[in-house]
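S.K.: Please read through the structure below; I'll follow up with questions.
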Amino acid sequence: MDSITVHGNGPLYGSIPVSGAKNSAIKLMAASILTDQTLLLTNMPRLADTKFLGRLLQQFGIAVTENGHGADQETLFDAREITSSFAPYDLVRQMRASFNVLGPLLARTGRAKVSLPGGCTIGARPVDLHIDALTRLGAVIELEEGYVSATAPRGLIGAEIEFPFVSVGATEHTLMAATLARGTTVLKRAAREPEIGDLARCLVMMGAKIEGIDTDTLTIEGVTSLNGGEWSVIPDRIEMGSYACAAAMAGGEVRLTRSRPELITALTDRMVEAGVEVIPTEDGVIVKRDPSQRLKAVNVATEVYPGFATDLQAQFMALMTTADGVSVIHENIFENRFMHAPELMRLGAEISVHAGEAHVTGVEKLKGAPVMATDLRASVSLVIAGLVAEGETNIGRVYHLDRGFERLEEKLGACGADIRRVKGPPVEGPGDDH
Ligand code: EPZ
């Protein structure tokens, strides 16, 4: 199992290209199931999660071909024939988003058997909304021995579905299934995350009829088949926000390129309040901070998009560990997403957690220590803290990081960070689920 070692060594200066979004790529990959023509995804990140989903798609008989390097990375999906609609527990357990192949398989082949994903470190994360919505589309669903067996012998049928609360996964899952349903589907209280907009626009490019993209009401007029085509994955706003926090933490001046800063204003507004300079550029943003000036503590509360992203909460908490004052951080999306707090405390941070609220009292200095990554975003928060901690911070279980951050050591290293990977024995699959 690899680990990452960081030595706090002063400000960062340089440029970081932002990769394609993991949380868009894996949905677009699942959408390839919906067509018997080829789908070419460009700006594809090469991550443990995308590799893993690629292997699952291959198990369904889909040919997956990766090409290119760096900015030219692309993957071709050819789902001419679906030879299996079975997703076993061992695979779904390792990446919960793979549960979302259920709807596309069902819409395309009329049947699917997919394991329930189970809980994960950041919360219970049930899939009841997904199952209810597919049932509303006419799927006959049975739950047995940890599996969801679904059939739609006469095809899926459009319906009006109002989600009881906003769910990214349930919205995208139902959207994909509804593109091939008979008649009209209306999804109310739909999630509006940019990755859902990206998926919907790709589906429209493939011939789907979808109205209300980027709003909380999606209207889908079912079609009998979808075409293939080519689609460029939206830039990763969470990777961008993570490097913005890294630059703000270490100080200096970092230019984030190939990115869309308008997608993370909930974060950058708070950073500006704390004393960071955020300057928009043609293809991204410059994040600048005078390292001799201490940041001010700022409060945040995670919300669904366009609110402050839960996937940036750990990184912002790391930033606040050395700010002047007390920052109150509310986590409103997941019930157990403060696992990084005790690890940050090992570096000398002062944090107290009560239910969904963390109080971070800024300290003047952090000190390096061995720490453990507990999930993907938690792991990058430890890297961010390590950038200013005196001495060495060694982060274990970095397979979490590899799920969602492409070439992290290289990108931060290019800006002057003292960060390196210490090789260990390989880990099977991406780790545990997200
Ligand atoms: C997506 O997870 C992301 N994952 C998460 O990113 C992200 O944190 C989350 O959305 C919120 O933005 C992917 O896109 C692959 P939800 P998802 O359904 O779809 C509850 C990362 O680090 N819920 O919006 O699973 C659920 O338990 C990951 O990249 C139900 O109760 O999130 C949670 O409390 C981590 N029943 C809340 O809703 C359901 O059927 C929101 O979850 C579905 C969800």
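The values are calculated or read from the model by the stated rules, or taken from the named source; none is laboratory data. For clarity, every value in this text was computed on a predicted model and none was experimentally measured. A quick note on method: Cβ atoms are made from the backbone with ideal geometry, for glycine too, and the neighbour counts reach across all protein chains shown. Ligands, DNA and RNA are excluded from the accessible area calculation, which covers all protein heavy atoms including side chains. Shrake-Rupley method; radii C 1.70, N 1.55, O 1.52, S 1.80 Å.
S.K.: So the check is Cβ under 8 Å with 6+ separation or different chains; which pairs have a first residue in the stretch 164-186 that's closer than 19 Å to V114 by Cα and a second one that's hydroxyl-bearing (S, T, Y)?
M.R.: From the stretch 164-186, the pairs are T174/T185; A178/T185.
S.K.: Scanning the stretch 397-407 for residues that are in contact with a Leu (Cβ under 8 Å, 6 or more places away or on another chain) and charged (D, E, K, R), which turns out most open to solvent (accessible area, probe 1.4 Å)?
M.R.: D402
S.K.: Separate question: Could you list all residues from the stretch 90-113 that are surrounded by 24 or more Cβ atoms within 10 Å (Cβ to Cβ), more than 14 Å from the ligand (Cβ to nearest atom) and either hydrophobic (A, V, I, L, M, F, W, C) or within 14 Å of V140 (Cα to Cα) (or both)?
M.R.: The answer is L105, L106, A107, A112.
S.K.: Regarding N394, is this residue more than 21 Å from I122 (Cα to Cα), surrounded by 15 or more Cβ atoms within 10 Å (Cβ to Cβ) and either within 16 Å of the ligand (Cβ to nearest atom) or not assigned by the TED database to the domain that holds P194 (or both)?
M.R.: So N394 passes the test.
S.K.: Would you mind finding the one in V326, V287, V360 that is in contact with a Ser or Thr (Cβ under 7 Å, 6 or more places away or on another chain) and over 25 Å from C120 (Cβ atoms)? Can you show your working first?
M.R.: Values: V287 fails: in contact with a Ser or Thr (Cβ under 7 Å, 6 or more places away or on another chain); V360 fails: over 25 Å from C120 (Cβ atoms).
On inspection, the qualifying residue turns out to be V326.
S.K.: Within the stretch 274-312, which residues are more than 16 Å from the ligand (Cβ to nearest atom) and among the small types (G, A, S)?
M.R.: Residues satisfying the conditions are A274, G275, G284, S292, A297.
S.K.: Sticking with this one: So in the stretch 184-201, with the set limited to residues that are touching a strand residue (DSSP E or B) at 6+ places or on another chain (Cβ under 6 Å) and either away from the ligand (no atom under 15 Å from the Cβ) or outside the structural domain of T215 (by the TED database) (or both), which one is nearest to A21 (Cα to Cα)?
M.R.: Filtering first and then ranking leaves K188.
S.K.: Could you grab me the full set of residues in the stretch 319-339 that are in a loop (DSSP other than H, G, I, E, B), over 17 Å from L376 (Cβ atoms) and within 16 Å of the ligand (Cβ to nearest atom)?
M.R.: N332, E335
Condition check ((1) open to solvent by 40 Å² or more (accessible area, probe 1.4 Å); (2) in the same structural domain as M339 (by the TED database); (3) in a strand (DSSP E or B)) across all residues:
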residue	(1), (2), (3)
I279	yes, yes, yes
I286	no, yes, yes
P291	yes, yes, no
R294	yes, yes, no
V298	no, yes, no
P306	yes, yes, no
Q313	no, yes, no
F316	no, yes, no
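S.K.: Does the stretch 43-59 contain at least one residue that is in contact with a strand residue (DSSP E or B) (Cβ under 9 Å, 6 or more places away or on another chain), within 14 Å of the ligand (Cβ to nearest atom) and in a loop (DSSP other than H, G, I, E, B)?
M.R.: Among the residues of the stretch 43-59, at least one is in contact with a strand residue (DSSP E or B) (Cβ under 9 Å, 6 or more places away or on another chain), within 14 Å of the ligand (Cβ to nearest atom) and in a loop (DSSP other than H, G, I, E, B), which makes the answer yes.
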